[in-house]
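Reading through the structure tokens given below for one structure.
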Amino acid sequence: MTDEVFIYALSTCPWCRRTKQWFTDSGIAFDSVDVDSLPVAEQDEAAEKAYKLSGGRRFPVVVINGEVIVGHNPDKFLEHLKGWGG
Amino acid sequence: MGSAERKESLRYLFARVVDPLGYKLTPDEELADFLLEQEVKLEQDHGAPFCPCQGRTRKRAEDMLIVCPCIPFHREHFDAMKRCWCGLFVHKDVSDPDSLPQFPPDEG
Amino acid sequence: MSGPQWVPTIDDSKVRDGAYVPVYPKGVGVLLVRTDGELSAIANKCAHMACPLEGGLLHGGIITCPCHDWRFDVRSGALLDAPELSIDTFATKVEDGKILVELKGA
Ligand code: SF4
Ligand code: FES
């Protein structure tokens, strides 16, 4: 069973780094974007997506199989990962 | 002012602001250093030490609520976590900041 | 070292209702503010990052810092969103048409 994971992040946010590191260490493939590292013209659109999903301005925004988790919260990540019985 | 000096002056300014609110700088010095460095860069690029862990919208009324320290505007949420969203500031009684989870305001 | 002292500033008539005037008694940055006819004196220095409050919007006894929009009650000096944080306030009195500001001892 493969999990689909997407991480919205900011390059300035240490918890975003830890979240990516956690997925890497756990051997779970993910896609991600550092919103503030995009070309300026694309930043607003990516940020809006993250804001819509999360209902706020906080990063990281982690989407696991369509479920949205806001913040670096490994317990919550596990709940939603099928490979871990979530 | 050089970046290193600016970082120190933000550290000093902000410690004074958060103290009456019951917060202190995180004892995780590496984290504090990294975050303050990001804020100095954000201030240079965008005119204010915006939060490194929250996104701007270019609407002034919204963006001013995430200039560091943003604790006055997110108090209930941060009090519930015993830390600010970035973890730059923690409640005064916190000695092990890594044990504090990061969760959104509606999941207190 | 001296105790509190009353320092003369400007004419009372210079501070219009709903407006403020910056003064510098003994070099201390103070804003004289009149709101609903009542005079108050606050430090001309924001509790956030020390920007001068001068230039900020004054409305209904609330002054908004021009730098990042923190709002303070001009009578108590308290930050509206967290009253534990405040700017300094000073006592005032009017004698012979002049406003005097009380500075704490150095
Ligand atoms: S979350 Fe913390 S670091 Fe970020 S702006 Fe607020 S107080 Fe500052
Ligand atoms: S210095 Fe006044 S709001 Fe930041």
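The values are calculated or read from the model by the stated rules, or taken from the named source; none is laboratory data. Just so it is clear, the model here is predicted, and its values are computed rather than measured. Virtual Cβ from ideal backbone geometry, glycine too; neighbours counted across all protein chains shown. Areas reflect the complete protein model, heavy atoms only, side chains present, ligands, DNA and RNA absent. Shrake-Rupley method; radii C 1.70, N 1.55, O 1.52, S 1.80 Å.
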Residue count, the stretch B:57-108 (criterion: at pLDDT 95 or above, more than 16 Å from ligand 2 (Cβ to nearest atom), within 15 Å of the chain's Cα centre (by Cα) and under 20 Å from residue A:14 (Cα atoms)):
13
Could you check the stretch B:86-100 and list, in sequence order, the residues that are within 11 Å of chain A (Cβ to nearest Cβ) and either among the β-branched types (Val, Ile, Thr) or open to solvent by 70 Å² or more (accessible area, probe 1.4 Å) (or both)?
B:98
Within the stretch C:63-83, take every residue that is within 14 Å of another protein chain (Cβ to nearest Cβ), of a type in the set (A, V, I, L, M) and not in a loop (DSSP other than H, G, I, E, B) and give me the one that is farthest from ligand 2 (Cβ to nearest atom).
C:78
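If I filter the stretch C:84-101 for residues that are away from ligand 1 (no atom under 16 Å from the Cβ), within 14 Å of chain B (Cβ to nearest Cβ) and not β-branched (Val, Ile, Thr), do I get at least one hit?
We begin by selecting, within the stretch C:84-101, every residue away from ligand 1 (no atom under 16 Å from the Cβ); these are C:86-101.
With within 14 Å of chain B (Cβ to nearest Cβ) added as a condition, the list becomes C:86-88.
The next check asks that each one be not β-branched (Val, Ile, Thr); those that pass are C:86, C:88.
Yes, the conditions are met somewhere in the stretch C:84-101.
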Output the residues belonging to the stretch A:1-53 that are without any contact (Cβ under 8 Å) to a residue 40 or more places away in the chain and open to solvent by less than 30 Å² (accessible area, probe 1.4 Å).
A:12, A:14, A:33, A:35, A:46, A:47, A:51
When the stretch B:26-54 is checked residue by residue, the ones that are part of a loop (DSSP other than H, G, I, E, B), away from ligand 2 (no atom under 16 Å from the Cβ) and not charged (D, E, K, R) are B:26, B:27, B:52, B:53
Residues of the stretch C:35-58 that turn out to be touching a helix residue (DSSP H, G or I) at 6+ places or on another chain (Cβ under 9 Å), open to solvent by 10 Å² or more (accessible area, probe 1.4 Å) and under 30 Å from residue B:65 (Cβ atoms), as a count:
3
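Within the group B:78, B:103, which residue is facing chain A (nearest Cβ under 8 Å) and either assigned to a helix (DSSP H, G or I) or under 19 Å from residue A:70 (Cβ atoms) (or both)? Show your work before the answer.
On the way: B:78 fails: facing chain A (nearest Cβ under 8 Å).
The conditions single out B:103.
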